[in-house]
1. Which one is farthest from the ligand (Cβ to nearest atom), of the residues in segment 277-288 that are in contact (Cβ under 8 Å) with a residue 40 or more places away in the chain and open to solvent by 10 Å² or more (accessible area, probe 1.4 Å)?
2. What do you reckon, is Ser180 in contact with a Ser or Thr (Cβ under 6 Å, 6 or more places away or on another chain) and within 16 Å of the ligand (Cβ to nearest atom)?
3. For segment 158-179, indicate whether the set of residues that are of a type in the set (Ser, Thr, Tyr), surrounded by fewer than 16 Cβ atoms within 10 Å (Cβ to Cβ) and in contact with an Asp or Glu (Cβ under 6 Å, 6 or more places away or on another chain) is non-empty.
4. State all residues of segment 241-252 that are open to solvent by 10 Å² or more (accessible area, probe 1.4 Å) and either in contact with a Leu (Cβ under 8 Å, 6 or more places away or on another chain) or farther than 20 Å from Gly5 by Cβ (or both); if no residue qualifies, say none.
5. Going by what's in this entry, would Gly79 be described as open to solvent by 10 Å² or more (accessible area, probe 1.4 Å), within 16 Å of the ligand (Cβ to nearest atom) and in contact with a strand residue (DSSP E or B) (Cβ under 9 Å, 6 or more places away or on another chain)?
6. Checking Val71 against (1) surrounded by 20 or more Cβ atoms within 10 Å (Cβ to Cβ); (2) under 26 Å from Ala6 (Cα atoms); (3) of a type in the set (A, V, I, L, M), only one condition comes out false. Which one?
7. Does segment 25-41 contain any residue that is surrounded by fewer than 23 Cβ atoms within 10 Å (Cβ to Cβ), among the aromatic types (Phe, Trp, Tyr) and over 30 Å from Ala292 (Cβ atoms)?
8. Name the pairs: first residue in segment 25-48 and basic (Lys, Arg), second residue modelled with pLDDT of 95 or more and surrounded by 22 or more Cβ atoms within 10 Å (Cβ to Cβ), Cβ to Cβ under 8 Å, at least 6 apart or on different chains?
Amino acid sequence: ATTLGAAAAQSGRYYGTAVAAGRLNDQTYVNILNTEFNMVTAENEMKWDATEPNRGQFNYSGGDRILNQAVGNGKRVRGHALLWHQQEPGWAQRLEGSDLRRAMMNHVTQVATHYKGKIYAWDVVNEAFADGGGGGRRDSNLQRTGNDWIEAAFRAARAADPAAKLCYNDYNTDSINPKSTGIYNMVRDFKARGVPIDCVGFQSHLTNNAPPDYQANLQRFADLGVEVQITELDIAGSNQANAYGAVTRACMAIRACTGITVWGIRDTDSWRGGENPLLFTGSGAKKPAYNAVLDAL
Ligand code: XIL
């Protein structure tokens, strides 16, 4: 195969990218998007601040634009993200307690219902675990509504869109470390108690290397009976091409690793300004990292 999406599809996997609605009138961008990728994540347009800017008033214009462009060109869509402590609208940042919990669950239900039947997998909860050695939850207004907020969100998402796979998504989870182990323990507990969870997303914002235990870490989650997906891949640094190859091979070695998403198309589209962490140059040329990925798929 000669494109990322077609190469991934040979083993039943997908190859995706984050898309920004504001770039969909850029011809170079759209040409690469339509040629290379068969999965799309809205970079910002399905987040809480975008979809519910005022309490109870929903705006799906950007998200729908991305979804319609994707579906119209034969691609599937990962939903990102129903609940996250960042990019909360101001009104939600000012809520707490049972009022916030009600608003959170209504948000999950409303957005998942709007997109019902159209989303391959939802990042139901994003970045809920703390960095560092504790392995526990991150403090946030969401967490302060009660430790059961994550499972409540997964149950609400399942009820609203039974066809979507439901994922927990986070960063700094690319090796076996206290944070990833905290998430591992949560997923194991959810599976044991029947909380609906289908997948774990590993953002994989990396520099130079994939950790040596990257594959082993994915494998231990897969062994819990969930899919694993690489959801926001970008890699800075001079060893970029080798590292992209290593990440790709790790996913390919695990049956339950169902796909990889890069967090943008060209270096100039990246949120990591100046780090050039993506597969295409600013002018849309394929980089060595692109060839390393294609070779490994
Ligand atoms: C980033 C976007 O790329 C930026 O455009 C935005 O300003 C901030 O969010 N983890 C996530 C993504 O889950 O949603 C973030 O995306 C990057 C880190």
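1. If we take residues in segment 277-288 being in contact (Cβ under 8 Å) with a residue 40 or more places away in the chain and open to solvent by 10 Å² or more (accessible area, probe 1.4 Å), then Pro288 is farthest from the ligand (Cβ to nearest atom).
2. Values: in contact with a Ser or Thr (Cβ under 6 Å, 6 or more places away or on another chain): yes; within 16 Å of the ligand (Cβ to nearest atom): yes.
Judged against the criteria, Ser180 is a match.
3. Going residue by residue through segment 158-179, those that are of a type in the set (Ser, Thr, Tyr) are 168, 171, 173, 175.
If we keep only those that are surrounded by fewer than 16 Cβ atoms within 10 Å (Cβ to Cβ) as well, we get 175.
If we keep only those that are in contact with an Asp or Glu (Cβ under 6 Å, 6 or more places away or on another chain) too, we end up with 175.
Yes, because at least one residue in segment 158-179 is of a type in the set (Ser, Thr, Tyr), surrounded by fewer than 16 Cβ atoms within 10 Å (Cβ to Cβ) and in contact with an Asp or Glu (Cβ under 6 Å, 6 or more places away or on another chain).
4. Within segment 241-252, the subset open to solvent by 10 Å² or more (accessible area, probe 1.4 Å) is 241-242, 246, 249, 252.
Passing the criteria: Asn242, Ala246, Met252.
5. Details: open to solvent by 10 Å² or more (accessible area, probe 1.4 Å): no; within 16 Å of the ligand (Cβ to nearest atom): yes; in contact with a strand residue (DSSP E or B) (Cβ under 9 Å, 6 or more places away or on another chain): yes.
Considered against the rule, which asks whether it is open to solvent by 10 Å² or more (accessible area, probe 1.4 Å), within 16 Å of the ligand (Cβ to nearest atom) and in contact with a strand residue (DSSP E or B) (Cβ under 9 Å, 6 or more places away or on another chain), Gly79 comes out as no.
6. Exception for Val71: condition (1).
7. Within segment 25-41, the first condition is being surrounded by fewer than 23 Cβ atoms within 10 Å (Cβ to Cβ), and the residues that meet it are 25-35, 38.
Adding the requirement that they be among the aromatic types (Phe, Trp, Tyr) leaves 29.
Subsequent filtering for residues that are over 30 Å from Ala292 (Cβ atoms) retains none.
There is no residue in segment 25-41 that is surrounded by fewer than 23 Cβ atoms within 10 Å (Cβ to Cβ), among the aromatic types (Phe, Trp, Tyr) and over 30 Å from Ala292 (Cβ atoms).
8. Lys47/His80; Lys47/Ala81
The values are calculated or read from the model by the stated rules, or taken from the named source; none is laboratory data. Here the structure is a predicted model, which is why all the values come from computation and not from measurement. As a convention, Cβ positions derive from the backbone with ideal geometry for all residues, glycine included, and neighbour counts pool all protein chains shown. Accessible surface areas use protein heavy atoms only, side chains included; no ligands, DNA or RNA. Shrake-Rupley method; radii C 1.70, N 1.55, O 1.52, S 1.80 Å.
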